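Undergrad: Structure in structure tokens, see below.
The values are calculated or read from the model by the stated rules, or taken from the named source; none is laboratory data. Note that the structure is predicted; figures quoted are calculated from it, not measured. Glycine also receives a Cβ, built like all others from the backbone with ideal geometry; neighbour counts cover every protein chain displayed.
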Amino acid sequence: MDSIVVVGGSPLGGTIEINGAKNAALPIQCAALLTDTPTTLRHVPLLSDVYTMSSLLEGLGCVVEGDRVMTIDPRGVASGALEAPYELVKTMRASVTVMGPLLARYGRARVSLPGGCAIGARPIDQHLRGFEALGADIKLERGYVELRAERLKGTTFAFDLVTVGGTQNVMMAATLAKGTTRLENVAREPEVEELARILNKMGARIHGAGSPVIEIEGVDNLAGVDHAILPDRIECGTFMVGAAITGSDITLRHAPVDDMHAVIEVMREAGVRFEVTPAGLRVIGPEALRPIDVTTRPHPGFPTDMQAQIMVMATMAHGQSLITETIFENRFMHVPELCRMGADIVVQGNAAVVRGPTHYSGAEVMATDLRASASLILAGLIAEGRTEVRRVYHLDRGYETIETRLQSIGADVQRYHGARG
């Protein structure tokens, strides 16, 4: 099992290019199932989750070729089993996003109940309620969801709670439904807008993505397209925090500034400076960080996927910060590991009181989920001595070769292969 070793204290500086967004790439890979011609995706991040989704699509009958530039040919799917097995779905809950396209295009699907990061209960009941409203017959049996419909029919459906995956899944299903579908209380994340953008390029008629209500006029068929995936705002935010805590001057090429107002605002309050330049977003860490008060919320609020990273920044602030998590109930699992390295963090229910500045000491720590992994790498950058982050397979789900990219701006970071964790 791989581990990443960070020796803290190295000065950082230079430029990092932001890769394509994982949370946009995965549903867009699934969207290729809605078409009867190949789709080419560009700026695809080289991540284990993307490879898992490619394997799932191949198992359904697609031909998937390439990596950074990926072509998905779905013409072999019609003769397949239309099943997403437990062996793949258990490793990545985004696999359930094939349900909407398969149901809309082929009238049936059999998909294992999901797995993924252990950051709290993330049921798919909202997905299923949306499909049912569109006319699907749904059966849960032996850990699988079985869906059938002759042809979905447009409807009005309101999500009980804001769900990114549910919005994307039901929106894709509605593109081929008969009539018009109105989805209310939908997720407004940039990745939802990106999915609507590519679906419209394929021939769908989607209006309102990015607002609380999306309307979809159903069409009879969609066609494959050529599309470049937008940059990853969470990856960008992680490197922004790296600049902030090390007092560095780093430029982030292709930073999706327009999608990151909530994160940038919080970091500005802490004293971080930003400049938009022809080369990208310049991030300049201050000599001393100020405390912050952050509450995670659905977009356009502060993203839960940045909570662990911003907590590391809070540990370096002079004073007391408060971080409140409202999206997932188990998303403070990185706290004990940060405390082992010297952080002063007290969790009270869904809030964490953080006192700084912290004098971090290197230690052996265990990653519990994707974003927790990133927070431990960040803490290692400013720790005295050697930090070994184990179980970094979580990290590889969302950050492409983070060690070599940090090396490129001066960090002392190495990946070790073998049974170290």
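Undergrad: Let me confirm something: among GLU325, GLU364, GLU329, GLU275, which residue is within 20 Å of ILE4 (Cβ to Cβ), in the same structural domain as GLY410 (by TED's automatic domain parsing) and acidic (Asp, Glu)?
TA: GLU364
Undergrad: When you check PHE332 against the structure, is it within 20 Å of the chain's Cα centre (by Cα) and within 25 Å of GLY362 (Cβ to Cβ), yes or no?
TA: Yes; evaluated as a whole, the condition is true for this residue.
Undergrad: Mind checking whether some residue in the stretch 151-169 is closer than 22 Å to LYS22 by Cβ, part of a loop (DSSP other than H, G, I, E, B) and among the polar types (S, T, N, Q)?
TA: Checking the stretch 151-169: at least one residue is closer than 22 Å to LYS22 by Cβ, part of a loop (DSSP other than H, G, I, E, B) and among the polar types (S, T, N, Q).
Undergrad: If the requirement is being of a type in the set (Gly, Ala, Ser), out of contact with any His (no Cβ under 7 Å at 6 or more places or on another chain) and modelled with pLDDT under 90, which of these qualifies: GLY107, GLY179, GLY116, GLY154?
TA: GLY116
Undergrad: I'd like to know if the stretch 41-53 contains one or more residues that are over 28 Å from ASP259 (Cβ atoms) and buried (at least 17 other Cβ atoms within 10 Å of the Cβ).
TA: Scanning the stretch 41-53 turns up no residue that is over 28 Å from ASP259 (Cβ atoms) and buried (at least 17 other Cβ atoms within 10 Å of the Cβ).
Undergrad: Okay, moving on. Just for the stretch 333-381: of the residues that are polar (S, T, N, Q) and surrounded by 20 or more Cβ atoms within 10 Å (Cβ to Cβ), which one is nearest to SER321 (Cα to Cα)?
TA: THR358
Undergrad: Inside the stretch 142-151, can you point out the residues that are of a type in the set (Asp, Glu) and either at pLDDT 95 or above or touching a strand residue (DSSP E or B) at 6+ places or on another chain (Cβ under 9 Å) (or both)?
TA: If the condition is that a residue be of a type in the set (Asp, Glu) and either at pLDDT 95 or above or touching a strand residue (DSSP E or B) at 6+ places or on another chain (Cβ under 9 Å) (or both), then GLU146 is the only one that fits.
Undergrad: Scan the stretch 206-256 for residues that are in contact with a Lys or Arg (Cβ under 9 Å, 6 or more places away or on another chain), part of a loop (DSSP other than H, G, I, E, B) and under 30 Å from GLY8 (Cβ atoms) and report the count.
TA: Matching residues across the stretch 206-256 total 3.
Undergrad: Does the stretch 55-63 contain at least one residue that is under 17 Å from ILE138 (Cβ atoms), touching a residue at least 40 places away in the same chain (Cβ under 8 Å) and in contact with a strand residue (DSSP E or B) (Cβ under 8 Å, 6 or more places away or on another chain)?
TA: No, the stretch 55-63 contains no residue that is under 17 Å from ILE138 (Cβ atoms), touching a residue at least 40 places away in the same chain (Cβ under 8 Å) and in contact with a strand residue (DSSP E or B) (Cβ under 8 Å, 6 or more places away or on another chain).
Undergrad: Go through the stretch 321-370 and give me each residue that's modelled with pLDDT under 95 and of a type in the set (D, E, K, R).
TA: GLU329, ARG331, ASP369
Undergrad: Now, a different point. Quick check, is ARG390 over 24 Å from VAL50 (Cα atoms), basic (Lys, Arg) and surrounded by fewer than 24 Cβ atoms within 10 Å (Cβ to Cβ)?
TA: No.
Undergrad: While we're on this one: Just checking, does the stretch 146-156 include any residue being within 29 Å of GLY203 (Cβ to Cβ) and touching a Cys at 6+ places or on another chain (Cβ under 8 Å)?
TA: So far as the stretch 146-156 goes, no, none of its residues is within 29 Å of GLY203 (Cβ to Cβ) and touching a Cys at 6+ places or on another chain (Cβ under 8 Å).
Undergrad: What residue, of GLY301, GLY224, is of a type in the set (Gly, Ala, Ser), at pLDDT 95 or above and either in contact with a Cys (Cβ under 8 Å, 6 or more places away or on another chain) or in the same structural domain as HIS43 (by TED's automatic domain parsing) (or both)?
TA: From the options GLY301, GLY224, the qualifying one is GLY224.
Undergrad: Next question. Given the conditions (1) within 25 Å of PRO85 (Cα to Cα); (2) under 21 Å from the mean Cα position of the chain (by Cα), and given that VAL63 satisfies all but one, which numbered condition is not satisfied?
TA: Of everything listed in (1) within 25 Å of PRO85 (Cα to Cα); (2) under 21 Å from the mean Cα position of the chain (by Cα), VAL63 misses just condition (2).
Undergrad: For the list (1) in a strand (DSSP E or B); (2) more than 22 Å from ASN221 (Cβ to Cβ); (3) touching a residue at least 12 places away in the same chain (Cβ under 8 Å); (4) of a type in the set (A, V, I, L, M), I need the number of the one condition that LEU147 fails.
TA: Single failed check for LEU147: (2).
Undergrad: To continue, here is another question. Give me the pairs, please: first residue somewhere in the stretch 388-412 and touching a residue at least 40 places away in the same chain (Cβ under 8 Å) and part of a loop (DSSP other than H, G, I, E, B), second residue anywhere and among the acidic types (Asp, Glu) and crowded, with 20+ Cβ neighbours inside 10 Å, beta-carbon distance under 8 Å, and either six or more positions apart or on two chains.
TA: If the second residue must be among the acidic types (Asp, Glu) and crowded, with 20+ Cβ neighbours inside 10 Å, the pairs left are HIS394/ASP369; GLY398/ASP49; GLY398/GLU235; TYR399/GLU235.
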